[in-house]
Every structure is written in C-alpha cells, then in structure tokens.
Amino acid sequence: MAENPYEMALKQLKKAIDVLGYDRNIYEILSKPQRILEVSIPVKMDDGSIKVFIGYRVQHNNVLGPYKGGVRYHPGVTRDEVIALAMWMTWKCSVADLPYGGGKGGVRVDPRKLSMGELERLSRGYIRAIAPIVGPDIDIPAPDVYTNPQVMAWFMDEYSKLKGRNVPGVVTAKPVELWGSYGRIEATGYGVAVAAKFASRKYGLPFEGARVAIQGYGNVGYYSALFMHEWGAKIVAVSDSKGGIYNPDGFDPQKVKAFKERTGTVVGFPDAKKDITNEELLTLENIDILVPAAIENVITSENADKVHAKIIVEGANGPVTPEADEILFKKGVVVVPDIIANAGGVIVSYYEWVQNMQGLQWKLDEVLRMLEDKMLSALDKVYRKYYKLGSDLRTAAYAVAVERVVNAMKLRGWI
Ligand code: GLU
C-alpha cells in the first residue's frame, strides 16, 4: 500500500528515538517542522490566461545551521510530502556532517507541460513568494525532481534583483558559468555509486560484474548508471516514467541517455533485449543491486516480497516504505537508506556554498575527491552503528543523524 510520506518519516523517526532510548519530548519536537509556508503563484500562461500554482517551503529543523534542501516541481506534490522531504533533509545533512538543517520546497505542477517561458515565470514567482524566509544563512534551496541548474539560475537572478545585489549563495546547483560548482551535476549519482560499491564490499559481493537495475533515468539515475558502469558493474535494466528496458549483457549508459534525449524516453532503445514495466524492473530476477532513483513509495508491502536484489541503494528519497523495510530486513536484503545513499547532492551543494562565500571555484577532481571522502566517512560511521545495534541500516543511519541533532539541541539549550 502506498503510504503518506509524512507518516513514513514519523515511523522512521520513532524507531530511531526508541533505539536511542530518548523520551517522548524529543520525538514531539522533531516530529514537527519549525515552519511551513504555503504560497500561491499566479503565472501568465502563453495563451494569455492566468494559472495559479500552489507551492510550499517547509523548514524542519535548523539546529545545525541554515535549512537546506531542494525544490521539486511535480503534479503529485502535497504539503505532507514536502514536510517528509524536509525532515529527511535534516537527517541527511546531519549524517553527512554538514553545517545545515533540513528544508524542502515543492510546487504542484507538471513542468513537462509548460513552455520555457512559463517555467521561467513560475520559477521567478516561486522564489519571490518564498524570498522572505530564504537566504544564504537562512535557507538555501537547490534542485530536486524536475528542477535543474537553469531553474536555479532564475532563482538566483530573481532573488538578487530583489535584494539589489548579487547573492549567489542563496541557492546551490547553479550552472558552472553562474557560480555553480564543478561536480554538482554528477554529485548525487556519484555518491550513489560510492555507496553501492561500499555496500557491495561489506556484503562480500564483487562489484566488478555486479548486475544493476536502475529505476528512473533523470539526473540521479543517469549518473549512478554512468559511474557504476565505469567502475565495472553491469547496468542490465533502466526505466523512466514511460517504462523500462532490459539486457542481461548490460547497457552503455551514455548511449541510453543520448537516445532518451532524442526520443524523450529510454523505451525503444535499440540494444534492449526486451521492454519491461517499472514494476517488473523492481522485481527482476538475476540482479544484484537495485537503485530506485525516481520517487517515494515504490517498494511497498505489496512488492517487497518479490524483490530479488541483494542490495537496494536508495537514489530517490523515500522509495521504500517502513513495512517494506521490515520485509526486506527479514529476507536479508540490505537497504542503503536515502539519507546516506543520495547525500552526494547536498554534500556538493555545501561545497558550492563554501566556494560562493569565498569567491572561489574549485577543480572537478578536487570536488569529487572531497565528495568521496565525505561519503566514505559517513558510510563508515553508519556501518559501525549498524554492527553495534544489529538493526537495519536505515535505523543505524537515523540513530547517527538524530543523535547529532539532539546533542546540538542540548548544547544550544533548546531542550
Ligand atoms: N534535492 C536533493 C536532495 O534531496 C539535493 C538537496 C541540496 O542539494 O540541497 O538531497
């Protein structure tokens, strides 16, 4: 059963609070976001009509530093979903040892149906609407599902105009020509690949030749495929919202991407042995590693039993529900949770922000080396907790994350 993401986030938090032995008061504080802003954004459409879109910015907790998190444009955006995503950002920034709290934004819209002009007017309208509560030392947006560096450039430009000065540090994942960091575009996928390789080693599964299925072929799915392929794994299945493709001999991720850019989907790629559905991709036999890299709620109590992968690496936020987690844990499937597996994006966002503050631009190899270092030390910390607790990896990652947040709240005198 598909679950309300906020309910999911609360169940995960509750489990961590219990494992850490914290009392109910801590749960009470952390279960609610500090601030929720709902805005309506009137946009002049190309045909002259006005459409009003609903947007949110949720700020969950800023004990560790300014709120940080992406903005998604998706027809399924709800208030509860954005709350969950903001809360997940608090844990993600905490476990990755970043000086940030958690926030998230969303607009209920299908951006694929907008012209470039409409998308630009919507983006400028959204950032104007949330401008009173964002800023480089307050809350720093970034991309998420269906937003990209171009949207960040509009956010940055509009915010700067509003302030009457150039404010590059207000958003991250900007184009490299506009104070963006090298490596940010590939960062999340790169981090997913690092996490997959790390988890394989711990599992005793050779990464060389490991069979990988990836759901979602956007920024995260593509770069995960690219680096895993480069490091010797075999990408045997990929999909997008229109369907998937399978070839036991493996795909060349760059060729699949070029095909998708030309046709709008991976479906129909000439090297495919057969077409598969998204549901079939998740439950494929003969795969070792599964990377759900699309949206939340795709591995549920209904299909968890049928998952054949040995390791799941969560490229997306919230793809596995708590019920599915339990089923997978009993089956011995290792789930590398989103808050660590896809932290590469926000890690390089942090590096971009640091560069913006200092007026510097670091080299790509330097950024990727620092990203790998941070991913590995976070993974190491989580695995140590995992062995200590004998729990699943998600609970271990949450324990690390929640502990740091609670310690900071104690030190600041919030509790
Ligand atoms: N939206 C991404 C995430 O869920 C990136 C956030 C960021 O870079 O601030 O982690």
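GNM on the chain, alpha-carbon springs under 10 angstrom: the most fluctuating residue among I311, I130, I83 is I130. Computed over the chain with a Gaussian network model linking Cα atoms closer than 10 Å, the most mobile of L379, L328, L389 is L389. Between amide H atoms placed 1.01 Å from N, distances below 5 Å from V238 occur with I214, I245, all of them 5 or more places distant or on a separate chain.
Which three semi-axes in whole Å describe the equivalent ellipsoid of the chain, each the square root of 5 times a Cα gyration tensor eigenvalue, listed largest first?
Details: eigenvalues 182, 145, 83 Å².
For the chain, the ellipsoid semi-axes come out as 30, 27, 20 Å.
Phi-derived couplings, Karplus 6.51 cos²θ - 1.76 cosθ + 1.60 at θ = phi - 60°, listed residue by residue for segment 24-29: 4, 4, 5, 4, 4, 5 Hz, with x used for Gly and Pro. Relative intensity of segment 254-404 on a log10 scale, I(q)/I(0) at q = 0.13 Å⁻¹, equals -0.76, per a Debye sum over C-alpha point scatterers of equal strength in the absence of solvent.
What separates the Cα centres of segment 232-295 and segment 1-65 is a distance of 32 Å. Entry for segment 79-162 at q = 0.17, 0.23, 0.25 Å⁻¹: log10 I(q)/I(0) = -0.75, -1.23, -1.35, Debye formula applied to identical alpha-carbon scatterers, no solvent contribution.
So what are the ³J(HN,Hα) numbers for segment 234-244, from phi and the Karplus equation (6.51, -1.76, 1.60; θ = phi - 60°), rounded to whole Hz, Gly and Pro as x? Values per residue, Gly and Pro as x: 10, 8, 8, 8, 9, 8, 9, 5, 8, x, x Hz.
Taking amide H atoms as placed 1.01 Å from N in the peptide plane, the amide H of V43 lies under 5 Å from those of K51, V52, F53, each 5 or more residues away in sequence or on another chain.
Provide, as a two-decimal number, the C-alpha radius of gyration of segment 149-239 over 2.2 N^0.38 Å, N being how many residues it has.
Details: Rg = 17.4 Å, N = 91, 2.2 N^0.38 = 12.2 Å.
Ratio of Cα Rg to 2.2 N^0.38 Å: 1.43.
In a Debye calculation with equal point scatterers on the alpha-carbon sites of segment 187-297 and no solvent, what is log10 I(q)/I(0) at q = 0.17 Å⁻¹? Taken in order of the listed q values, log10 I(q)/I(0) reads -0.70.
Pull out the extension gain between I415 and L360, defined as 0.36 nm times the separation in residues minus the alpha carbon to alpha carbon distance; nm, one decimal. Don't jump to the answer; show the numbers that get you there.
Numbers: separation 55, 0.36 × 55 = 19.80 nm, distance 3.81 nm.
So the chain would gain 16.0 nm between I415 and L360.
Taking 0.36 nm per residue of separation and subtracting the current Cα-Cα distance, fully stretching the chain between E208 and D249 would add 13.4 nm. Aspartates and glutamates near K306 by alpha-carbon distance under 12 Å, same-chain residues fewer than 8 away left out - which ones? K306 reaches E279, E280, E285. Below 19 Å, Cα to Cα, which lysines can K104 reach? Residues fewer than 8 away in the same chain don't count. Those lysines meeting the cut-off are K32, K68, K92, K174. The simple Förster model, with R0 at 51 Å and r as the Cβ-Cβ distance, assigns D271 and N25 a FRET efficiency of 0.35.
Comparing S301, S31, S49 in a Gaussian network model of the chain where C-alpha atoms under 10 Å apart are linked, the largest mean-square fluctuation is found at S49. Backbone amide hydrogens, once placed in the peptide plane, bring G69 within less than 5 Å of G103, I140, A142, excluding anything fewer than 5 places away on its chain.
Over all projection directions, the Cα-based convex hull of segment 1-132 averages an area of 9.4 nm².
If you count Lys pairs in segment 188-261 whose Cα atoms are under 25 Å apart, skipping same-chain pairs closer than 8 places in sequence, the total is 11. Across segment 327-415, the volume of the C-alpha convex hull divided among the residues equals 122 Å³ per residue.
Principal axis analysis of the Cα atoms in segment 90-232 yields extents of 55, 36, 28 Å, listed in decreasing size. The phi-based Karplus calculation (6.51 cos²θ - 1.76 cosθ + 1.60; θ = phi - 60°) puts the 3J(HN,Hα) values of segment 335-342 at 10, 7, x, 3, 5, 10, 4, 10 Hz, whole numbers, x for Gly and Pro. Secondary structure note: in the chain, about 50% of the DSSP beta bridges are antiparallel.
For the chain, which DSSP H helices look membrane-span-like by this rule: Cα extent along the axis of 20 Å or more and mean Kyte-Doolittle of at least -1.0? Membrane-span-like by this rule: 5-20, 79-95, 116-130, 149-163, 184-203, 344-358, 364-389, 393-412.
Each reported figure results from applying straightforward, stated rules to the coordinates on display, with no laboratory input. Owing to the predicted nature of the structure, the values given are computational and were not obtained by experimental measurement. Cβ atoms come from the backbone with ideal geometry, glycine included; neighbour counts cover every protein chain shown.
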